[in-house]
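Down below is the structure, laid out as structure tokens.
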Amino acid sequence: MGKEERVQLLVRFGYDGSRFYGLAPQPDLPTAAAALRHRLEEAAGGLRARGLAFSARTDRGVHAEQNLATCYFVEEVFQNETVIETLLQEVGLDRDDGLRDVEARRVPWNVHARAVGVGKHYRYRLAGDHNPELIERVANAARRKPGTPSPVDLHLLDVWQIHPSLDVARMQRAAAHLVGTHDFSSFRGGPVDNRPPVRTVTDIFVTDFGDEVVVDVFGQGFLRKMVRIIVGTLAEVGIGMRHPDSLPRVLAYRNRRAAGITAPARGLTLMTVEIDEPWFDTPLED
């Protein structure tokens, strides 16, 4: 079977990061990738989902509202349109597997998850003015094995608690320096690979909701841990450790030691991977 004949799927899905050791497959550990593969292959009657790839990779504890994946099937049974429609319906059924809002569509063979996205939106939640004892309890709870009961309220595990109060105006002023196309080497976590460090951040919004501060970061693509390092640096600005106008110098150093701490994974959510084709605009027929 040639590439043009295989059944290529584009899958849009979310997941609860607290149930997984990240997205990428790991031997004998629950991951979002493994859960999606199991769901796809179960819906396909045990047939193999080949070439499974993702638009965004997320670390342990990071949630996703919408990520994208592609895979394909080569078996002749999928030349039957009714079989394909049944497969797409089965993939989207609700299950207790840590995945949510799963949708699949058949797409041309040359649509690939790593190339289909034209932008990403990440959201980070943090809160200042917290008791150090609470901060320690939440941090310890976040280190438990994924899927095990939490000793603290679950909503606390989705927010990074900080002891000092946060000055949101200072954080927004600092964030404005990061918008645009820059060499983000100072905001790249290890291990460093060969990918170019130049990235375009289209917007950063820092919003005070009273009980928490939300940082929304929009861009075409991000380096490893880049959003978490941005948030950690903005938090240092917010508590007065850095001046808001020091961020251009941090960028200019092009060295990880110039930026702030890496914010914990638990406050981060991949909100959307934007695409420029209307693959999901038409609902599946019942």
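Considering the conditions (1) within 22 Å of Tyr122 (Cβ to Cβ); (2) touching a Phe, Trp or Tyr at 6+ places or on another chain (Cβ under 8 Å), Asp16 is excluded by exactly one of them, (2). Give me the residue from the range 11-47 that is polar (S, T, N, Q) and without any contact (Cβ under 8 Å) to a residue 60 or more places away in the chain and, out of that set, surrounded by the fewest Cβ atoms within 10 Å (Cβ to Cβ). Within the range 11-47, the match that is surrounded by the fewest Cβ atoms within 10 Å (Cβ to Cβ) is Gln26. If you go through the range 131-161 and keep only what is of a type in the set (A, V, I, L, M, F, W, C) and within 22 Å of the chain's Cα centre (by Cα), you end up with Val138, Ala139, Ala141, Ala142, Leu154, Leu156, Leu157, Val159, Trp160. Being crowded, with 20+ Cβ neighbours inside 10 Å, in contact (Cβ under 8 Å) with a residue 12 or more places away in the chain and hydroxyl-bearing (Ser, Thr, Tyr) is a condition met by at least one residue of the range 51-60. Tell me, yes or no, whether the range 262-271 has at least one residue that is closer than 22 Å to Ala176 by Cβ, modelled with pLDDT under 95, out of contact with any His (no Cβ under 8 Å at 6 or more places or on another chain) and of a type outside the set (Phe, Trp, Tyr). Yes, some residue in the range 262-271 is closer than 22 Å to Ala176 by Cβ, modelled with pLDDT under 95, out of contact with any His (no Cβ under 8 Å at 6 or more places or on another chain) and of a type outside the set (Phe, Trp, Tyr). Filtered by the rule that a residue be touching a Lys or Arg at 6+ places or on another chain (Cβ under 6 Å) and within 30 Å of Ala43 (Cα to Cα), the range 101-147 gives Glu103, Trp109, Pro146, Gly147. Here Gln8 fulfils each of the conditions (1) of a type in the set (S, T, N, Q); (2) under 24 Å from Leu268 (Cα atoms); (3) open to solvent by less than 20 Å² (accessible area, probe 1.4 Å) apart from (2).
Scanning the range 117-138 for residues that are at pLDDT below 95 and open to solvent by 20 Å² or more (accessible area, probe 1.4 Å) gives Gly117, Val118, Gly128, Asp129, His130, Asn131, Pro132, Glu133, Leu134, Ile135, Glu136, Arg137. Taking helices (runs of 4 or more DSSP H) as the structural unit, those lying wholly within the range 61-174 and holding at least 3 residues that are closer than 30 Å to Lys3 by Cα and touching a residue at least 40 places away in the same chain (Cβ under 8 Å) correspond to 81-91, 113-116.
I'm checking my understanding of the structure. Among residues of the range 155-184 that are hydrophobic (A, V, I, L, M, F, W, C) and open to solvent by 50 Å² or more (accessible area, probe 1.4 Å), which one is farthest from Glu136 (Cα to Cα)? Looking at the filtered set, the residue picked out is Val179.
Sort out which residues of the range 1-57 are of a type in the set (D, E, K, R) and in a helix (DSSP H, G or I), and write them in order of number.
Matches in the range 1-57: Lys3, Glu4, Glu5, Arg19, Arg37, Arg39, Glu41, Glu42.
The values are calculated or read from the model by the stated rules, or taken from the named source; none is laboratory data. Owing to the predicted nature of the structure, the values given are computational and were not obtained by experimental measurement. Virtual Cβ from ideal backbone geometry, glycine too; neighbours counted across all protein chains shown. Please note that ligands, DNA and RNA were not included when accessible areas were found on the heavy atoms of the full protein model with its side chains. Shrake-Rupley method; radii C 1.70, N 1.55, O 1.52, S 1.80 Å.
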